[in-house]
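The values are calculated or read from the model by the stated rules, or taken from the named source; none is laboratory data. Quantities reported herein were computed from a predicted structural model and do not represent experimental measurements. We place every Cβ from the backbone using ideal geometry, glycine too, and count neighbours over all the protein chains shown.
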């Protein structure tokens, strides 16, 4: 899983459980996708988006250590037809990190419909097919090797028999397309992106529930029920290097040493930690996105993130046994790029 069910706090309410984020070039500009609320919760899941929550896509412009542009989405209570009013605001400069700031209204409309906003911005939010694919049997084996610094044992899994553990599952997706040359986002520049869910507190503030930058960081490197994972979900990217770098480097060094895939395991571990932290997804505006072993430049709905991250963790080519073509029905080349589900 990329970030599905990876926080004890988020598992208290499926609507705040962040499953994935994607950044790529669309039909008319840059697309940001934030997915939450997986049907993998089963009967414990809650419908729709949380009306007392916030869903924020945070952007670091031109190497800034903190966000200086935030797209904030909020939702009203569900109506009798199961739809919700969604509102999109943009917060810039210091306001981008300020929970008390309100920002500028960009778009407002109903879930399940394409919403045209200010300056040709497009917005869509609703229930959709989950485009993420992974075989959790393989993940369990790799997790065990990383956690224990042990030789990888895939005797219980075969690539030619791999099955997508999220087949036929759904998520609730938020899709924003910002046109080229937008006054806030700009063009031909480097950005870094992370997403977060927040919940209003009784004291009037906001509690961060989940965050994600790179896919697969939590399931591979941050054990779900550990204090480390909980602290990381409540934290921010600008503290990641100080808090997480040494532990991630040690985990990587241990597993590559056990599997004999690095001449200098400690050096390789440090290199991976430097690549992953701070935990933000880099992207060059206007370019074709690709999340691969050789480099990260955004992430498309088709990218095989597990295969990339498994290969990085083990320092050897590692197939997931699954291919994007098998799940083409979960994505589209046209806005909103995700496929609506009932």
Mind listing just one residue for me: the one in region 156-180 that is more than 21 Å from the chain's Cα centre (by Cα) and either free of Cβ contacts under 8 Å to residues at least 12 places away in the same chain or within 30 Å of residue 249 (Cα to Cα) (or both) and, of those, surrounded by the most Cβ atoms within 10 Å (Cβ to Cβ)? 162
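Yes or no, residue by residue, for (1) surrounded by 22 or more Cβ atoms within 10 Å (Cβ to Cβ); (2) modelled with pLDDT of 95 or more; (3) not in a helix (DSSP H, G or I):
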position: 56; (1), (2), (3): yes, yes, yes
position: 81; (1), (2), (3): no, no, yes
position: 89; (1), (2), (3): no, yes, yes
position: 94; (1), (2), (3): no, yes, no
position: 112; (1), (2), (3): no, yes, yes
position: 128; (1), (2), (3): yes, yes, yes
position: 150; (1), (2), (3): no, yes, yes
position: 154; (1), (2), (3): no, yes, yes
If a residue must be modelled with pLDDT of 90 or more, within 23 Å of residue 53 (Cβ to Cβ) and assigned to a loop (DSSP other than H, G, I, E, B), how many such residues does region 215-229 contain? 1
Enumeration of residues in region 238-258 that are buried (at least 22 other Cβ atoms within 10 Å of the Cβ) and either modelled with pLDDT under 95 or touching a strand residue (DSSP E or B) at 6+ places or on another chain (Cβ under 8 Å) (or both): 244
Among residues belonging to region 26-45 that are surrounded by 15 or more Cβ atoms within 10 Å (Cβ to Cβ) and assigned to a loop (DSSP other than H, G, I, E, B), point out the one that is modelled with the lowest pLDDT. 45
With (1) in contact with a helix residue (DSSP H, G or I) (Cβ under 6 Å, 6 or more places away or on another chain); (2) without any contact (Cβ under 8 Å) to a residue 24 or more places away in the chain; (3) surrounded by fewer than 22 Cβ atoms within 10 Å (Cβ to Cβ) as the list, and residue 294 as the residue in question, which single condition is left unmet? (1)
Residue 105 passes all but one of (1) assigned to a loop (DSSP other than H, G, I, E, B); (2) more than 26 Å from residue 132 (Cβ to Cβ); (3) without any contact (Cβ under 8 Å) to a residue 24 or more places away in the chain; which number fails? (1)
